[in-house]
Amino acid sequence: MKFRAEIDIMPLEALLDPQGKAVNAGLRNLGLNNISSVRVGKHITLQLETATEAEARAEVEEACKKLLANLIMESYRFDLVAL
Amino acid sequence: MKFGVVVFPGSNCDRDTLYAFGDLLGAETVALWHKDTDLKGVDFVVLPGGFSYGDYLRSGAIARFSPIMDAVINHANRGGYVLGICNGFQILTEAKLVPGVLLHNESRKFISKNIYIKAATTNSLLTNQLEPQQALKIPIAHGEGNYYIGTDGLKSLQDNDQILFHYCDENGNVTAEANPNGALLNIAGVTNKNRNVFGMMPHPERASDPVLGNTDGLKILESILQTVG
């Protein structure tokens, strides 16, 4: 089975996100005054081919934990889409 | 003692580091290519500063999986010495050889300037020849040097005397104003529990040659050689 993983990696809530803060200030400067709490993360997509969905899920989990996210400063979540 | 400096694609302080240990301090040195898997018999491994793999994904995240890193990790786990400077420190945190992580500078700016640090402990290979109250002028050059660790990790660092350096002002006062990047408690360098792996953001190798008018960094490198020769 072929899947596409849509992975979101975000800075942990407890941490200051200077990039999000700067973007927030930029949006305010545009006059978009209803916006707050901007946080900037990463979106990663990848494809994989495995026998089962459970296997695909396990492999993406491992990829996130071992390389794509650093769990000391980031959290991750992902969706699997069957192709 | 033989020193090996790992050269990753994007390292840019490898030559400076080889020069400081070899030419200035007279130690035996060798460059280690990141694709090799053999440490060429070195006793002390240095991961130099730079932008390994273009800092893609996170600083140090890809370099941590370079072929030579298995040998470096085994060396460290056997008690061998490893020092990571700047990007080298980032690689060590990604490899989990030292605790914590280096976030983007609070200002979001890349900072390249001289700052001051002082030893937080003299119980380490890097700091045992230093005066604990003496401020050392050392350059930093990084965008991600904001040291962070969770509450439990910080307690463990403190309980085990693992903090090596604090950012301070020129009189040795550890203040918020003297903190260039937002690092937790002004932490500029740490060691692991076994005290054989060291990470620091400032560049002692760039403050070693008298020609450059500042040799404060040499005191840190000399501290290593005077202890283990």
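The residues on offer are B:Val101, B:Val82, and the sole one that is within 23 Å of B:Val5 (Cα to Cα), within 14 Å of chain A (Cβ to nearest Cβ) and modelled with pLDDT of 95 or more is B:Val101. The set of residues in segment A:8-64 being within 13 Å of the chain's Cα centre (by Cα) and aliphatic (A, V, I, L, M) consists of A:Ile9, A:Met10, A:Leu12, A:Val40, A:Ile44, A:Leu46, A:Val60, A:Ala63.
In the set (1) in a strand (DSSP E or B); (2) over 24 Å from B:Thr151 (Cα atoms); (3) within 14 Å of chain B (Cβ to nearest Cβ), the condition left unmet by A:Arg4 is number (3). Within segment B:86-103, being in a loop (DSSP other than H, G, I, E, B), touching a residue at least 60 places away in the same chain (Cβ under 8 Å) and small (Gly, Ala, Ser) holds for one residue alone: B:Gly100. For A:Ile44, are the conditions met, namely being within 12 Å of chain B (Cβ to nearest Cβ), among the β-branched types (Val, Ile, Thr) and part of a strand (DSSP E or B)? Spelling it out, A:Ile44 is indeed within 12 Å of chain B (Cβ to nearest Cβ), among the β-branched types (Val, Ile, Thr) and part of a strand (DSSP E or B). Only a single item in (1) touching a residue at least 60 places away in the same chain (Cβ under 8 Å); (2) closer than 29 Å to B:Tyr147 by Cα; (3) in contact with a helix residue (DSSP H, G or I) (Cβ under 7 Å, 6 or more places away or on another chain) is not met by A:Ser75, and it is number (3).
Can you pull out every residue in segment A:8-27 that is out of contact with any Ser or Thr (no Cβ under 6 Å at 6 or more places or on another chain) and either more than 23 Å from A:Phe78 (Cβ to Cβ) or part of a strand (DSSP E or B) (or both)? Within segment A:8-27, A:Asp8, A:Ile9, A:Pro11, A:Leu16, A:Pro18, A:Lys21, A:Ala22, A:Val23, A:Asn24, A:Ala25, A:Gly26, A:Leu27 qualify. For B:Glu170, indicate whether it is modelled with pLDDT of 95 or more, acidic (Asp, Glu) and farther than 22 Å from B:Leu47 by Cα. Yes, satisfied. Would you be able to say whether some residue in segment B:121-142 is in a strand (DSSP E or B), at pLDDT 95 or above, more than 13 Å from the chain's Cα centre (by Cα) and closer than 21 Å to B:His166 by Cβ? Scanning segment B:121-142 turns up at least one residue that is in a strand (DSSP E or B), at pLDDT 95 or above, more than 13 Å from the chain's Cα centre (by Cα) and closer than 21 Å to B:His166 by Cβ. Restricting attention to segment A:57-83 and to residues that are within 14 Å of chain B (Cβ to nearest Cβ) and among the basic types (Lys, Arg), the residue that is surrounded by the fewest Cβ atoms within 10 Å (Cβ to Cβ) turns out to be A:Lys66. Filtering segment B:104-119 to residues that are free of Cβ contacts under 8 Å to residues at least 60 places away in the same chain and either away from chain A (no Cβ under 14 Å) or crowded, with 21+ Cβ neighbours inside 10 Å (or both) leaves B:His104, B:Ser112, B:Lys118, B:Ala119. Within segment B:3-49, the set of residues being more than 22 Å from B:Ser59 (Cβ to Cβ), outside any helix (DSSP H, G or I) and aliphatic (A, V, I, L, M) comprises B:Leu25, B:Ala27, B:Val30, B:Leu39, B:Val42. Of the residues A:Ala54, A:Ala22, the single one that is over 26 Å from B:Ser66 (Cβ atoms), free of Cβ contacts under 8 Å to residues at least 60 places away in the same chain, within 14 Å of chain B (Cβ to nearest Cβ) and not acidic (Asp, Glu) is A:Ala22.
Being within 24 Å of B:Asp55 (Cα to Cα), modelled with pLDDT under 95 and not charged (D, E, K, R) is a description that does not apply to A:Leu68. Does at least one position in segment B:137-148 carry a residue that is crowded, with 22+ Cβ neighbours inside 10 Å and over 20 Å from B:Gly49 (Cα atoms)? For segment B:137-148, residues crowded, with 22+ Cβ neighbours inside 10 Å and over 20 Å from B:Gly49 (Cα atoms): absent. When segment A:27-56 is filtered for residues that are under 21 Å from B:Lys109 (Cβ atoms) and surrounded by 12 or more Cβ atoms within 10 Å (Cβ to Cβ), the ones remaining, listed by number, are A:Leu27, A:Arg28, A:Val38, A:Arg39, A:Val40, A:Gly41, A:Lys42. Being within 14 Å of chain A (Cβ to nearest Cβ), in contact (Cβ under 8 Å) with a residue 24 or more places away in the chain and either out of contact with any helix residue (DSSP H, G or I) (no Cβ under 8 Å at 6 or more places or on another chain) or under 24 Å from B:Arg78 (Cα atoms) (or both) is a property that B:Asn181 has.
Scan segment B:51-74 for residues that are touching a Gly at 6+ places or on another chain (Cβ under 7 Å) and either surrounded by fewer than 23 Cβ atoms within 10 Å (Cβ to Cβ) or part of a loop (DSSP other than H, G, I, E, B) (or both) and jot them down. Residues satisfying the conditions are B:Phe51, B:Tyr53, B:Gly54.
The values are calculated or read from the model by the stated rules, or taken from the named source; none is laboratory data. Since the model is a prediction, treat every value here as computed from it, not as a measurement. Glycine also receives a Cβ, built like all others from the backbone with ideal geometry; neighbour counts cover every protein chain displayed.
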